[in-house]
1. All but one of (1) under 19 Å from B:R45 (Cα atoms); (2) away from chain B (no Cβ under 11 Å); (3) of a type outside the set (K, R); (4) open to solvent by 70 Å² or more (accessible area, probe 1.4 Å) hold for A:D63, so report the exception by its number.
2. Can you confirm whether the range A:96-114 contains a residue that is more than 13 Å from every other protein chain (Cβ to nearest Cβ) and at pLDDT 95 or above?
3. Being without any contact (Cβ under 8 Å) to a residue 12 or more places away in the chain, open to solvent by 30 Å² or more (accessible area, probe 1.4 Å) and not in a loop (DSSP other than H, G, I, E, B) narrows it down to one of A:K68, A:K78, so name that one.
4. Since A:F91 meets every condition but one in (1) touching a Phe, Trp or Tyr at 6+ places or on another chain (Cβ under 9 Å); (2) open to solvent by 10 Å² or more (accessible area, probe 1.4 Å), which condition does it not meet?
5. Can you report the number of residues in the range B:12-50 which are open to solvent by 70 Å² or more (accessible area, probe 1.4 Å), aromatic (F, W, Y) and more than 10 Å from chain A (Cβ to nearest Cβ)?
6. Which one is nearest to the other protein chains (Cβ to nearest Cβ) among residues in the range A:19-52 that are open to solvent by 80 Å² or more (accessible area, probe 1.4 Å) and either under 18 Å from A:P70 (Cβ atoms) or touching a helix residue (DSSP H, G or I) at 6+ places or on another chain (Cβ under 8 Å) (or both)?
7. With surrounded by 12 or more Cβ atoms within 10 Å (Cβ to Cβ), more than 14 Å from chain A (Cβ to nearest Cβ) and either at pLDDT 90 or above or within 13 Å of the chain's Cα centre (by Cα) (or both) as the only criterion, which of B:L62, B:L80, B:L75 stands out?
8. Return yes when A:S66 is modelled with pLDDT of 95 or more, in contact with a Lys or Arg (Cβ under 7 Å, 6 or more places away or on another chain) and farther than 28 Å from B:V85 by Cα and no when it is not.
Amino acid sequence: DAGVIQSPRHEVTEMGQEVTLRCKPISGHDYLFWYRQTMMRGLELLIYFNNNVPIDDSGMPEDRFSAKMPNASFSTLKIQPSEPRDSAVYFCASSSLARSSSYEQYFGPGTRLTVT
Amino acid sequence: LAKTTQPISMDSYEGQEVNITCSHNNIATNDYITWYQQFPSQGPRFIIQGYKTKVTNEVASLFIPADRKSSTLSLPRVSLSDTAVYYCLVGDTPGGSQGNLIFGKGTKLSVKP
């Protein structure tokens, strides 16, 4: 299995621009998570989906952030407009309790976002 | 949500056993304890999970006392490649609650030669 795939790996953009981060979960996994990691706040859960349906988006910082999962093999996290404080590493993870007896999430390599 | 407290950093030397303790005083009956490892520039990776007593796998052991208010991750004979951040998490099974995992800032383990 290729694991969780994220693109792009690095993104540099100017303040005010729209940013779209992409994630392909592991095939067969029915949970998908978006996290943000910064030095100050550590690793924070933004939103997660179960069977393509958003379950909890309470971690999404504000209305500038939105996430979609149009099908089981693709999800996007969009920031519009972007601000310098959005600079962070964004991770996507997926899991499936049905395929594992443990509480295991598989993380992608992350997207390092820099907003100037 | 059960909050966890763990040391910010720890130092060790190659070949030593490392024990990282995590406090979770408000752990609920249905909660499991899970540990993840994160290397620089990579996403976290699952190490081990347990509910009570002791769990051991090829990587680590997890010790959980009867009251479950704390847990200890034990790494036998660490090497330089074990230098990473280790996260202790508490949460119940999926089906809505898997999203309650709180990673926080973890414990930064530095292994020296």
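The values are calculated or read from the model by the stated rules, or taken from the named source; none is laboratory data. Here the structure is a predicted model, which means the values were calculated and not measured. Cβ placement follows ideal geometry from the backbone for every residue including glycine, while neighbour counts extend to all protein chains displayed. To get the accessible areas, we keep the full protein, side chains included, count just its heavy atoms, and leave off ligands, DNA and RNA. Shrake-Rupley method; radii C 1.70, N 1.55, O 1.52, S 1.80 Å.
1. (1)
2. Yes: the range A:96-114 contains one or more residues that are more than 13 Å from every other protein chain (Cβ to nearest Cβ) and at pLDDT 95 or above.
3. The match here is A:K68.
4. Going through the list (1) touching a Phe, Trp or Tyr at 6+ places or on another chain (Cβ under 9 Å); (2) open to solvent by 10 Å² or more (accessible area, probe 1.4 Å), A:F91 breaks only (2).
5. 1
6. A:N51
7. Every option except B:L75 fails the conditions.
8. Against the criterion (modelled with pLDDT of 95 or more, in contact with a Lys or Arg (Cβ under 7 Å, 6 or more places away or on another chain) and farther than 28 Å from B:V85 by Cα), A:S66 qualifies.
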